[in-house]
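Each reported figure results from applying straightforward, stated rules to the coordinates on display, with no laboratory input. Treat the numbers as computed from the prediction; the structure is a model and nothing was measured. Cβ atoms come from the backbone with ideal geometry, glycine included; neighbour counts cover every protein chain shown.
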Amino acid sequence: MIVPEVVALVRDQFDPARDPFLRFGGVSTEYNERLAPRLVPLLTDPALRLATMDRQGVRYQAVSIAPPQYHYWAEPDLGTAIARIQNDAIAALVAAHPSRIVGLGTLPMQAPDRAVLELDRVVSQHGFAGVSLNPSAEGHDYDEPAYEAFWQRVEELDVVVVLHPNGFPSGERLTRYYMINVVGNPLETTVALTHVILGGVLERHPRLKIVAVHGGGYLPVYMDRMDHAYDCRPEVRERITRKPSDYVKQLYFDSVVFGDGLRTLIDRVGADHVVMGTDYPFDMGEPDPLGRIAEVTNVSDEERQLMTGLTAARLLRLSG
């Protein structure tokens, strides 16, 4: 969702050059601006959202802040205020539709100490079972020491962390052909997850529940190269004690991949680690998420049920 109050709050301070999706969007930025009149109502009007869910056959939708509203460029006080406004708006949407909407909070990840405080607030005050974050924050990756207290608290609270990218921060070569999305988004997720794995985050915190959207980028289909590096390069082994692919098994991935990609993803990580995604309401999303999973061959009924709801319900602590 988008929170109009935040649009107004940052209007005089927001610099598009600080947003990688806009900075490297090229001509696609103009095209996206023309799409905005169609997208904004879908991101702000609950009735339109619920109608889409009914049409898709989706009972619950986990709702997060749309990536353009991360605003990690903001200094800590403003970033904290932005996150609080957004989280309160998500909580209001959940309160209005508790049998249909699940809230995923947002955090000021540019200020790790503030992120921990806001995480505590959204869990204790709003009852959120998870948060949705950009995979990095203003050039900082989440294996850095500054984020250790954050991961420790996430593990203690047993909440889900969904990683949803907003372009790629070093996208100078991705400015044409919508590459900032087509290549940049999955690349950002791949780099971020590699930091989390090789940086030892999953080794130190084995109970973390991390969901990577867009099928986890390139990681699931290319993790064997990391394993090879682990066998022959000492720097890859500095902070982990097992093959990198072992840690990939601790992660979860959404189903928003295309062509034969979903079949490949299931083969690599297992149906029990794939959850149904939509990327609602963007054109790069999946308009028929149930149909997408239904068309995958050589999947048992039990595996299909895991992907279409049971695993997500467990991660988000839903019942009924």
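Quick notes on this structure:
- In this label model, Glu138 and Tyr31 are separated by 3.2 nm, measuring between points 7 Å along each Cα→Cβ vector.
- The calculated FRET efficiency for Ala51 paired with Ala313, based on their beta-carbon distance and R0 = 25 Å, is about 0.65.
- Cα gyration tensor shape of the range 1-54, rounded if a/c is under 1.5, else prolate or oblate by comparing a/b with b/c: oblate
- Integer Hz, Karplus 6.51/-1.76/1.60 couplings in order for the range 165-175, x for Gly and Pro: x, 10, x, 10, x, 10, x, 4, 9, 10, 7
- Our summary gives the chain a relative contact order of 15 percent, counting only alpha carbon pairs under 8 angstrom and 6 or more residues apart.
- Cα-projected label distance for Arg233 with Val40, points at 7 Å along beta-carbon direction, nm: 4.6
- Separation of the range 232-304 and the range 69-136, taken as the distance between their Cα centroids, equals 25 angstrom.
- Rounded if a/c under 1.5, otherwise prolate or oblate - the range 4-315, Cα gyration tensor axes: rounded
- Segment Ala81-Glu295, length gained on full extension (0.36 nm per residue, minus Cα span): 72.7 nm
- Efficiency of FRET between Ala17 and Ala149 - r from beta-carbon atoms, R0 41 angstrom, step 0.05: 0.85
- For the chain, a simple Cβ point-charge model (Lys and Arg +1, Asp and Glu -1, everything else neutral) yields a dipole of about 400 debye relative to the Cα centre.
- In the range 205-320, Rg over Rh equals 1.01, where Rg is the alpha-carbon radius of gyration and Rh the Kirkwood radius from pairwise Cα distances.
- Efficiency of FRET from Cβ geometry, Ser124 and Phe258, R₀ 35 Å, rounded to 0.05: 0.35
- Expected 222 nm ellipticity per residue - DSSP helices of 4 or more, -39500 (n - 2.57), all of the chain, to 500: -14000 deg cm²/dmol
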